[in-house]
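The values are calculated or read from the model by the stated rules, or taken from the named source; none is laboratory data. The model shown is predicted, which means the values in this text are computed figures rather than measured ones. Cβ: placed from backbone, ideal geometry, glycine included. Neighbour counts: every protein chain shown. Surface areas here come from the heavy atoms of the whole protein model, side chains and all, with no ligands, DNA or RNA. Shrake-Rupley method; radii C 1.70, N 1.55, O 1.52, S 1.80 Å.
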Amino acid sequence: MNMPKTSSNDYDDSVGEVSDNQSFEVLEQLAEHWELRAGVKKKELNPEITFDAHAPDFLPELLPFHNHDLFLSADSQAKSKALSCGWVAYNEKTIDIESYIVSPSCLDILYGRLPQTQNSIIKWTASETLTDEAYHVLLVTNTCRITRQRRGLETLKLPTFDLVRFMQREMAMVDEEWKKRLINLATATVSEVFVSDYLSLIADAEHIQPINRLTTDVHRKDEMAHSSIFKHLMKVIYPYLTQKEQDYLAEILPKPVSWFASQELDVWESMLSQIRFPNYQEMIADCRSEHIVNLGRIDYSGLTTLADELGILRSQRGQDSFGEAGLQ
Ligand SMILES: [Fe+2]
Ligand SMILES: [Fe+2]
């Protein structure tokens with residue numbers, strides 16, 4: 001009987017041919033090039049020098065209520081404060097992605113809690129990714145601190161983001177540790193597939209706070225450089241999961257797409273309340289009544305391509321789960 005594996009000790013990495021898996025070569029090259037390209041070594045970024053008090057901190061079109069009459073008719077000071085909140089939330093969501101989603105999966109790999117992760121190249125890559133993400137936490141923490149200080153938002157508190165909350169809720173619904181690890185791996189993979197586009201929204205923006213654009217651009221370059229790591233890790237790990245684990249991953253993999261796409265209206269409601277934005281309750285209530293996760297704005301082809309390459313989309317379960325998530 002094919003029993004589910006429940007701990008790293010159950011995985012025997014000596015079983016099966018891995019030497020001809022091209023993903024190992026790609027991962028090794030990525031690991032070798034890290035020293036040349038890693039943002040963590042760069043020291044020239046100085047947030048204090050380039051902060052422009054007159055520049056908007058964020059893009060209005062990224063606010064879920066940017067077309068609402070109550071936002072459009074608000075005074076410029078209130079709008080400017082809302083934009084600063086948008087920047088803080090954008091950064092703190094980035095910190096959550098790094099800390100609650102990507103880093104724990106890297107640790108699962110580093111500690112060999114997923115199949116094939118006893119391999120030294122895999123551990124090397126995971127360690128470098130952890131370092132990249134730790135540096136990004138530093139970058140966005142620094143820029144967020146500057147914004148909070150300059151804009152009088154030092155005491156602004158944000159509730160948990162939907163992306164993390166939904167992942168943790170999914171984990172809480174299962175007892176088995178291997179399922180929790182696969183939920184985390186799926187969420188990390190989806191986040192890594194989408195985070196470069198998420199960062200590009202600001203990195204490519206003109207007429208925005210220069211330090212915000214610069215910080216996001218540095219982060220984006222790192223993400224683009226290591227964006228294929230989780231896809232290749234998945235290709236290394238997936239073939240060595242049991243049938244039961246593969247079925248579960250096929251079921252769970254598309255779910256984080258809608259979690260990632262959340263407009264985070266609870267976070268917005270809390271922030272607008274704290275800055276006393278006029279009539280914020282009505283704005284948020286209207287957003288909630290219209291709220292549909294708009295996958296049309298997201299290019300999810302990277303994820304469907306990965307699912308196809310893994311063979312997930314050839315299974316009935318994979319076709320069903322991707323169909324139900326609106327990704328087929
Ligand atoms: Fe990152
Ligand atoms: Fe990343």
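Scanning the range 185-211 for residues that are away from ligand 1 (no atom under 16 Å from the Cβ) and open to solvent by less than 30 Å² (accessible area, probe 1.4 Å) yields LEU185, ALA186, ALA205, ILE208, GLN209, ILE211. Yes or no: ALA250 within 13 Å of ligand 2 (Cβ to nearest atom), farther than 30 Å from ARG151 by Cα and in contact with a helix residue (DSSP H, G or I) (Cβ under 8 Å, 6 or more places away or on another chain)? Against the criterion (within 13 Å of ligand 2 (Cβ to nearest atom), farther than 30 Å from ARG151 by Cα and in contact with a helix residue (DSSP H, G or I) (Cβ under 8 Å, 6 or more places away or on another chain)), ALA250 does not qualify. Criterion applied to SER105, SER84, SER80 was being within 16 Å of ligand 1 (Cβ to nearest atom), part of a helix (DSSP H, G or I) and at pLDDT 95 or above, and the one residue passing it is SER105. Scanning the range 126-151 for residues that are of a type in the set (Val, Ile, Thr) and within 18 Å of the chain's Cα centre (by Cα) gives THR129, THR131, VAL137, VAL140, THR141.
Restricting the range 224-242 to residues that are touching a Phe, Trp or Tyr at 6+ places or on another chain (Cβ under 9 Å) and within 21 Å of LEU30 (Cβ to Cβ) leaves a set whose member that is nearest to ligand 1 (Cβ to nearest atom) is HIS226. With respect to (1) surrounded by fewer than 16 Cβ atoms within 10 Å (Cβ to Cβ); (2) part of a helix (DSSP H, G or I); (3) out of contact with any His (no Cβ under 9 Å at 6 or more places or on another chain), the lone exception for ASP286 is condition (3).
Whenever a residue of the range 14-37 is β-branched (Val, Ile, Thr), its partners that are part of a loop (DSSP other than H, G, I, E, B) and modelled with pLDDT of 85 or more, lying with C-beta atoms within less than 8 angstrom and at least six residues away or across chains, give the pairs VAL18/GLN116; VAL18/ASN119.
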